[in-house]
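Here is the structure we will look at, set down as structure tokens.
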Amino acid sequence: MRIKSILLPGIFFLLSSCLIFYVFYKAQIVHNGDKFDYYKPYYYFTFFLLFCSLISFFLSKNFIFNLTLTSISIIFASFFVEGYFHYVEVSDKKNTNPMTAKARVKFYEEARQNEGVNTIPIPPQAFLGGIDNLDLVPLSGHSNNKNFYCAKGQYIVLNHDRYGFNNPDSEWDKSSIDYFIVGDSNIYGACVKEEQNINGYLRKLSGKTVLNIGQMGNGPLLEYATLKEYFKKDKTKRVVWVYYENNDLGNLIFERRIPLLEEYYNDNDFTQNLIFKQEKINKIIVDKIESLYQDISSKPERNIKKFEPFRFIKLYFTRQFIVNLLFREEYPVNDLIDIVNKTRNLVEGNNAIFYFVYLPDHYRYQTNQNDKYMMYDTIIKKLSEKNILIIDLHKDIFSKVNALEYMDKNDKGYNHYNEQGNLVIAETIIKKINEYEKKF
């Protein structure tokens, strides 16, 4: 009788202990502790289950029986929800995108053969996980070469300069730099030819020197680190920092967990001296590309969405939904303001003018968001209090027009700004800077 009374609590305790050991194995053995923040909610959950299992030894048999029935019902409901998520994922008509891994490999092979393309852009984020065991982390691309990037029916071929950025190389030799632009893929020049990106239009409209050090996936801390590495202190008249509303705060959450980026953040004098190490950067990038190329070539259909039984058993989508709902991190607005202020001090300490450009994203206009969206009102207020020179593209342009007409639309929805959008952005930056500088 005694054995029967402790059977269910014993099973509960055993399962809870196994889950704890599994989470520990994944977090500390498989990922060497590098993904502790990811597994932290699972630690909380499994320890909670263990605590409940210990209490269950002291509860009545009827209570344990009812608790067991409730638990079984919750498990069945979870698998039902997971089945729905999998159905939506597999049946989503947006999955008709022809640019599968196999198609990308084909484009890459043809571009290499026909146009002399020898690399694809690799974002700095790709080197921050620690899995490559690098003694140097690139913050730019491969230098002096052709890259292909961003499908719009066909890939755009871009020419990198001597430091691996998307500029005419001769811009680095100019006696002064009128516009030094910092940002992410919007500034790198996503999905458009070089002369049709924001920097190209700035160059054409102003007739002045424009250098951009934008890279795909960069958030505020990566942008600050890149500026510290490549800022031409003796030549630059003004630095234009383009903040992207869509993902910069989310990127910053990730970036603050990277020890190398924390060194850039905490030590004003820290640098990897990347501007003198381009050969080594090129080699690291080529090795990474070859690894990715071999991986995609060996698994050409991996981007085609299909039912995955192992994910279903692990309740993959249900877990992600619950974790995102219960453990959503607050956006690090104060960290953003601090990084912008550090950047302003660096720029003004070298006799240049600093401008902060607020670039709104498509989702704001698709869903008619108010001024609290992505902490917009708080960011603008805090920057204004620090007397940062702000160019607010939401307020000055896109709130007054049909903004979605200025954005590129593909099979996954709206994404980067299109040629027309880049043009009006460049026009507004020049106009607002001229207005500011007439007051100086």
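Quick notes on this structure:
- Relative contact order %, the chain, counting alpha carbon pairs below 8 Å whose residues are six or more apart: 16
- Burial ranking of peptide ranges 51-64, 345-358, 368-381 (average Cβ count within 10 Å, highest at the top): 345-358, 368-381, 51-64
- Rounded Å value of the spacing that divides the Cα centres of region 357-393 and region 135-151: 30
- Ordering of 187-194, 108-115 by packing [mean C-beta count within 10 Å, highest first]: 187-194, 108-115
- Whether region 235-300 is rounded, prolate or oblate, judged on the alpha carbon gyration tensor where a/c under 1.5 counts as rounded: prolate
- Free-standing Cys residues across the chain, given no other cysteine C-beta under 4.7 angstrom: 18, 52
- Angle of helix 316-326 to the longest C-alpha principal axis of the chain, folded into 0 to 90 degrees and rounded to 10: 80°.
- Within the chain, the proportion of Cα pairs with more than 38 Å between them is 33 percent.
- Highest mean packing comes first when the peptides 172-179, 229-236 are listed by Cβ atoms within 10 Å, giving 229-236, 172-179.
- Given 40/386; 381/431; 233/277; 314/409; 235/431, the pairs whose alpha carbons are separated by over 30 Å: 40/386; 314/409
- Principal-axis tilt of helix 419-438 within the chain, Cα atoms, nearest 10 degrees: 60
- Of all aspartates and glutamates in the structure, those lying under 14 Å Cα to Cα from residue 146, and not within fewer than 8 positions of it along the same chain, are 109, 110, 115, 161, 169, 194.
- Acute angle (nearest 10 degrees) that the helix 376-385 long axis makes with the longest principal axis of the chain, alpha-carbon atoms: 50
- Using the rule -39500 (n - 2.57) for each DSSP H run of four or more residues, divided by the residues of the chain, the 222 nm mean residue ellipticity is -16000 deg cm²/dmol.
- Whether region 161-228 is rounded, prolate or oblate, judged on the alpha carbon gyration tensor where a/c under 1.5 counts as rounded: oblate
- Positive-end residue, the chain charge dipole about Cα centroid, Cβ charges, pick of 349, 83, 236: 83
- Dipole magnitude (debye, nearest 20) for region 211-257, charges at Cβ of Lys, Arg, Asp, Glu: 300
We did not get these values from a lab; they are worked out from the coordinates using the rules stated. Being a predicted model, the structure only gives us computed values, none of them experimental. Cβ sites come from the backbone with ideal geometry, for glycine too, and all protein chains shown count toward neighbours.
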